[in-house]
Amino acid sequence: MTALRSLLLTLLTLLALPAWADRQQDPALGRFLQKTLPTSPCFEDEFEKKVWLAAMEPKLLKVVKDEKERAEILHHVFCEARRLQLPPGLVMSVIDVESRFDRWAVSSAGAVGLMQVMPFWPNQLGMTNAELVRTPQNVRMGCTILKFYLEREKGDYTKALARYNGSVGRRNYADLVLVRLANRWQYR
């Protein structure tokens with residue numbers, strides 16, 4: 001089944017529609033991604049990790065049944081959010097709206113994985129498209145892209161989320177994410 005999913009993902013990625021303007025094709029974003037991809041420490045201590053898991057694991061259990069996959073998502077979301085100084089609940093909200101926590105998700109525009117990253121990014125970063133469905137790499141790329149747009153929009157979540165989604169000038173997507181954040185994924 002996994003080989004079939006990989007083949008399907010590869011075919012869908014190859015057949016994907018070309019990215020539209022402002023769908024993450026920004027040379028400055030490419031430079032930002034390369035500069036910010038190195039790793040850094042995650043949890044300050046075991047207590048911080050337990051608090052995060054106690055707050056988020058029961059909520060994620062409703063949509064991700066596999067315990068190992070759930071733990072991997074929660075770990076990488078927190079670590080990437082901390083690394084980039086993003087609210088981890090915001091990242092959870094983006095993933096919820098983008099893919100409903102399905103790492104195999106492929107959009108009609110060809111975006112792939114949990115955070116729906118466009119397939120041209122791995123090639124520009126010396127990675128492979130197969131890494132788009134790997135939780136650590138997808139969350140790392142998606143969080144870095146989100147951080148770039150938040151900085152570009154001077155912290156305006158609505159504008160940054162619209163850029164992330166390729167829906168500049170419209171509020172629908174940003175409103176969906178922010179409602180999820182307020183109602184489901186708020187942390188601290």
For this session: Kindly count the pairs of lysines across the stretch 40-188 whose alpha carbons are less than 24 Å apart, treating pairs on different chains or eight or more residues apart as eligible.
Result: 11
For this session: Any chance you could tell me what percent of the C-alpha pair distances in the stretch 35-175 go past 20 Å?
Result: 45
For this session: Answer with one residue from 124, 58, 90: the one whose Cα lies farthest towards the positive end of the charge dipole of the stretch 53-155, charges on Cβ with Lys, Arg +1 and Asp, Glu -1.
Result: 90
For this session: Describe numerically, in nm with one decimal, the distance between label points set 7 Å from Cα along Cα→Cβ at residue 63 and at residue 123.
Result: 3.0
Exercise. Can you give the FRET efficiency for residue 151 and residue 108, using 1/(1 + (r/R0)^6), R0 = 35 Å, r = Cβ-Cβ distance, to the nearest 0.05?
Worked result: 0.80
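Just so you know, all these numbers are worked out from the coordinates, no wet-lab data involved. Small disclaimer: the values here were computed from a predicted structure and weren't measured. Cβ atoms come from the backbone with ideal geometry, glycine included; neighbour counts cover every protein chain shown.
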